[in-house]
Amino acid sequence: MNNEVITVLKNHRSIRSFEKKKIEKEILDEILKVGIRAANGGNLQGYSLVVLDDLDKLEALGIYNIPLVIIALADAYRTKRWFNAFGENKASVNTTHGFFINNWDALICLHNISIAAESLGIGTYYNGDITSMDIGKVINNPEYTFPSGMLCLGYPKNEGRFLDRLPLEAVVHYNSYRIPTDEEIKGWYNEKENLFQTRNTKEKLEELRTKGIFNIAQAYSKNKFKKEELEKTSKNIKRNIKESGYDV
Ligand SMILES: Cc1cc2nc3c(=O)[nH]c(=O)nc-3n(C[C@H](O)[C@H](O)[C@H](O)COP(=O)(O)O)c2cc1C
């Protein structure tokens, strides 16, 4: 089964190295236009997109060598202003419900943009740090906005790497969640384990062993999921939620 959409989706890979060349205005406009065709809660588009191509601003956010970044905000501010001016000003927009719906809206829109960009030969990757970043001073986003997602875009310097995925049965459940055995889980992560053991150099594997890391589960759990590091990030996310005024 194949068509152009499926081909683009099947070939997805994140690109993190970009040419200096700017994305042409007509192309940017087109991918933004198709981005906002995405499904969204109540068709109120509870998001805003902040396109950043000002190098000083990008640098202020600690972003280098990326020609363009799109920050998707879960935005209840614009809807609130609309209600205040022309509707019921007591309407609750900054609720927990609003927060989650607007996050869906923002991320679905951003992913539409990502797919459209890829289909036109533009490389993209997400920066997951955005939810914890202190962006207010750089983009002046008002209350009732929260940074849900950030997409980095540009013309690719390389093809990127086509990464593995877990087998379908690891991630899909039919009708109810089936609790797997340890052996099943081991099997599902086998490909990752093999890649870890074969793609790392002997020296690297030796170095990791001296740190008590013998397999990829240990590599992830001991490095990427360090409590102290994640607690700091989580604290900053909570600060952003609090400052956004969303009642979560
Ligand atoms: C929520 C989310 C956060 C991500 N954060 C980062 C990030 O901070 N830095 C980065 O280089 N890639 C980031 N990525 C890209 C993932 O690392 C990438 O999608 C994953 O490793 C699979 O690789 P692929 O996209 O090339 O198939 C993120 C992706 C998502 C969906």
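Any read-out appearing in this document is the output of simple, stated calculations on the displayed coordinates, not a laboratory observation. Since the structure is predicted, the reported quantities are computational estimates derived from the model, not experimental observations. A quick note on method: Cβ atoms are made from the backbone with ideal geometry, for glycine too, and the neighbour counts reach across all protein chains shown.
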Every residue from segment 114-131 that is more than 17 Å from Asn11 (Cβ to Cβ) and β-branched (Val, Ile, Thr): Ile130, Thr131
May I ask you to verify whether Pro156 is over 29 Å from Thr7 (Cα atoms), within 16 Å of the ligand (Cβ to nearest atom) and out of contact with any Lys or Arg (no Cβ under 6 Å at 6 or more places or on another chain)? no
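Can we say Val8 is within 16 Å of the ligand (Cβ to nearest atom) and either surrounded by fewer than 16 Cβ atoms within 10 Å (Cβ to Cβ) or not in a loop (DSSP other than H, G, I, E, B) (or both)?
Details: within 16 Å of the ligand (Cβ to nearest atom): yes; either surrounded by fewer than 16 Cβ atoms within 10 Å (Cβ to Cβ) or not in a loop (DSSP other than H, G, I, E, B) (or both): yes.
Here the answer is yes, as Val8 does meet what is asked.
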Tally time: how many residues in segment 114-163 are of a type in the set (Asp, Glu) and over 18 Å from the mean Cα position of the chain (by Cα)? 2
All but one of (1) under 18 Å from Leu107 (Cα atoms); (2) free of Cβ contacts under 8 Å to residues at least 60 places away in the same chain hold for Asn2; which doesn't? (1)
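Kindly indicate which of Asp164, Asp129 is without any contact (Cβ under 8 Å) to a residue 60 or more places away in the chain and either near the ligand (Cβ under 9 Å from one of its atoms) or over 30 Å from Gly98 (Cβ atoms) (or both).
Details: Asp129 fails: without any contact (Cβ under 8 Å) to a residue 60 or more places away in the chain.
Being without any contact (Cβ under 8 Å) to a residue 60 or more places away in the chain and either near the ligand (Cβ under 9 Å from one of its atoms) or over 30 Å from Gly98 (Cβ atoms) (or both) holds for just one of Asp164, Asp129, which is Asp164.
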Per the filter on segment 222-248, residues out of contact with any strand residue (DSSP E or B) (no Cβ under 7 Å at 6 or more places or on another chain), assigned to a loop (DSSP other than H, G, I, E, B) and under 30 Å from Tyr77 (Cβ atoms) are Gly245, Asp247, Val248
Of all residues in segment 67-90, which are exposed (fewer than 14 other Cβ atoms within 10 Å of the Cβ) and not charged (D, E, K, R)? Trp82, Asn84, Ala85, Phe86, Gly87, Asn89
Would you pick out the residues in segment 141-153 that are under 22 Å from Ala116 (Cα atoms) and away from the ligand (no atom under 11 Å from the Cβ)? Pro147, Leu153
So which residues in segment 173-221 are basic (Lys, Arg), within 27 Å of Arg13 (Cβ to Cβ) and either within 16 Å of the ligand (Cβ to nearest atom) or not in a helix (DSSP H, G or I) (or both)? Lys192, Arg199
Go through segment 202-248 and report how many residues are more than 30 Å from Thr95 (Cα to Cα), touching a residue at least 12 places away in the same chain (Cβ under 8 Å) and of a type outside the set (Gly, Ala, Ser). 2
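Please work out if Ala117 is in contact with a Phe, Trp or Tyr (Cβ under 8 Å, 6 or more places away or on another chain) and within 14 Å of the ligand (Cβ to nearest atom). Give the derivation first.
Working: in contact with a Phe, Trp or Tyr (Cβ under 8 Å, 6 or more places away or on another chain): no; within 14 Å of the ligand (Cβ to nearest atom): yes.
Spelling it out, it is not the case that Ala117 is in contact with a Phe, Trp or Tyr (Cβ under 8 Å, 6 or more places away or on another chain) and within 14 Å of the ligand (Cβ to nearest atom).
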